[in-house]
Amino acid sequence: MGAQKKGATARVSEDSEVVAHHPLQAILLADSFTTKFRPITLERPRVLLPLVNIPMIDYTLAWLESAGVEEVFVFCCAHSKQVIGYLGSSEWSSKPDFSVTTIEANDSISAGDALRLIYERQVIDGDFVLISGDTVSNMSLTQALEEHKERRKRDANAIMTMVVQQSKPSPITQQSRLGTDELFMAINPDTKQLLYYEDKAEYSKGFISLDKTLIADNPSIILHNDKQDCYIDICSEEVLSLFTDNFDYQHLRRHFVKGLLVDDIMGYKIFTHEIHSSYAARIDNFRSYDTISKDIIQRWTYPFVPDILCGSSAIKLERQGIYRASDVTLSRSAQVGSFTVIGQGTTIGNNTKISHSVIGEGCSIGSNVTIEGSYIWNDVTIEDGCKLSHAIVCDGVTMKLGAVLEPGVVLSFKVVVGEQFVVPAYSMVSLIQQPTQQDSDEELEYADNSSGIVEVPSDKLNGEISSDLSNTQYGPTPELGTGGVGYIWSIFEGGHDEEWRHSVAPIPTDKLAKIMLDKDEDEELLTQGGNALVEELKSDSEDDDNEGSRDDYASFEKEVEATFLRAVHENVKVDHAVLEMNGLRLSYNIAAVDCAAAIFYSMMKLAVESSHSSASELHRNAVEVITTWQKLLKSFLHDIDEEIEVILKFEEICLESAKEFSPLFPQILHLLYDKEILQEDAILRWADEKEGADESDKVFLKRSEKFIQWLREAEEEEED
């Protein structure tokens, strides 16, 4: 009887556990409450803008489904009818084990308002994922969720886990590669608790102030300016109630996170989960739109890539990173370069050249057109002889004969550019005239405007402007040449001429050089990783702390390789690449010679990984790479000792990472001499130093004997 009762109790307990199971939920904010994508977002919400020909929100939902989320509540505000209509007609409305529910509120003006409304609806009944619909990721949530739940069991005040990852801000522009401002986080390395959060836009006077008690209570605290906030949060239910209790919380980071970090009364805690091999990034501005598009095309976001999300029957991946739909009409004389996407129903004329670009569906591109680094959306007509460089062209745009878009141009929906008209660099063009009133409440997210563009009044923010446009006829306007239709927005008086910081166009070399010349002492202090502040925080275990820091050479070498490959694939100018590499060197506090060694390693790795079937072809690859990038390498070699280090690095490469180069050592050494990368004195000094080495260490010296002898004889002849 007792045994039977015990079994019944066990069954009741098991049943209770089944009842207690809550599906993993997510809140997806389909409104960014920002103005960074205007004028485009006056007509269409950001989450429905095409990202490599797929709406942004599809990437976010696909990831949530793969990560084990079962219920998603999509909060819609601006252009809510468009979002609701799209989701209702998409595959997301009929998934059996993945429900997507929309929550509409046209009067919300911030993320805080959105979360307060969701709390009122009482739809969240456990831990949930908080994310915006412009986020792309392929990370697994399993470990982050487990860490969050374990912390909750030990400490009920651990209410939030933020996902972060390594990101090297440029010490030149004070931005990450996504175009976002440099971010400072103080994290306890033992517990992963977040103790301080500040981005560059918010600190002043060139320094950061940490509370002394914070340092005293956390002696091992580390201040980072090398972390990227992925804007993926695992939250407990208390997060929603905290927004409801405090109506000052509007911005998720500026108000909520920073508010909790300084609140000593409630004692709530935020922790971090760092990802390393996975991908996560938010499309926060035009520069991050460009960067993340390239990452998708280069498959860093796998499996969330075009051929898988669309289906290989709709679009196929070809050689050199080219994606092409099955029904594209391509002239035989047209040239499609690497890392380019061409959508369904598009036609491309004679002698047209397209590279590093995304072309949408139903586009008509004429003959002798040049498109480089641009994003052409759907149903665009580009007539003969047009030139586009690093631009965004929205649906329904027409570019007439010979029109030109200079770098950084954004053409909003249905704009017409007149014949032979040149649209100036960084111009924003729209059928909507530039609003004349600016929002005054700069504390709110929707009024966050660093570009200097005049804003639409707040009462227009959530209006369905696009519905008005569809019924409006527009005539020619002189601003865009003969037959042109549209208005070029201008920078209002007092605005900052910094459009290039957040543009899809590469940052101009002259801008980078000017920044380097204009940096004052305070900024230099920050670009080198906040060394002055770090000095105050260092403990006796300085050496141990540095082992895992960003000064670690292996990590630096990987960053150099990634930067070099991007420069190769995106045809970055050598001068620009030099500035980027120098920025990395300063960020890691690495010596110039070590930077040169890392660059040379990246060059040799590219040569050996490029297609070759014989030693002669490998030698040809090396000649091509060294010839193209010799100026980059020479920029970090300032004396004989540094040149010798490059020879030693080449020996290491031949012995370890690229043994195929071993028999080619003398030829490559001669090539480096011919290109004036290595001086005669450097090679002869290397040879002299090797003479006293062990036999095993003289392998490459012996292979180079003829070349060394030739150099010595030439030197003797010069002396005579």
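Observations, loosely collected:
- Here the stretch 551-719 is described by how far its Cα atoms reach on the three principal axes: 43, 37, 31 Å, from widest to narrowest.
- A simple count of charges around residue 419, restricted to other residues whose Cβ falls under 11 Å of its Cβ and scoring Lys, Arg +1 and Asp, Glu -1, yields -1.
- Among the trypsin sites (Lys or Arg not before Pro) found in the stretch 320-391, those both in a DSSP coil and sparsely packed, with 12 or fewer other Cβ atoms within 10 Å of their Cβ, are 332.
- For the stretch 230-345, the Cβ-based charge dipole about the Cα centre amounts to some 820 debye (Lys, Arg positive; Asp, Glu negative; other atoms uncharged).
- Measuring against 26 Å, Cα to Cα, the residue pairs 558/702; 605/702; 227/649 contain 558/702; 227/649 as the ones spanning a longer distance.
- Set 353/675; 631/690; 36/631; 294/387; 387/414; 81/400 screened for pairs whose C-alpha atoms are more than 30 Å apart: 353/675; 36/631; 81/400
- Cβ-placed point charges (K, R +1; D, E -1), dipole of the stretch 551-719 about Cα centre in debye, nearest 20: 840
- Fraction of alpha-carbon pairs over 19 Å apart in the stretch 250-322 - percent: 58
- Residue 642 sits among other residues whose Cβ lies under 11 Å from its own Cβ, and their net charge, with Lys and Arg +1 and Asp and Glu -1, is -3.
Bear in mind these aren't lab numbers, they're just calculated from the coordinates by the rules spelled out. The structure displayed is predicted, hence computed values, not measured ones. Every residue, glycine as well, gets a Cβ built from its backbone with ideal geometry; the counts of neighbours run over all protein chains shown.
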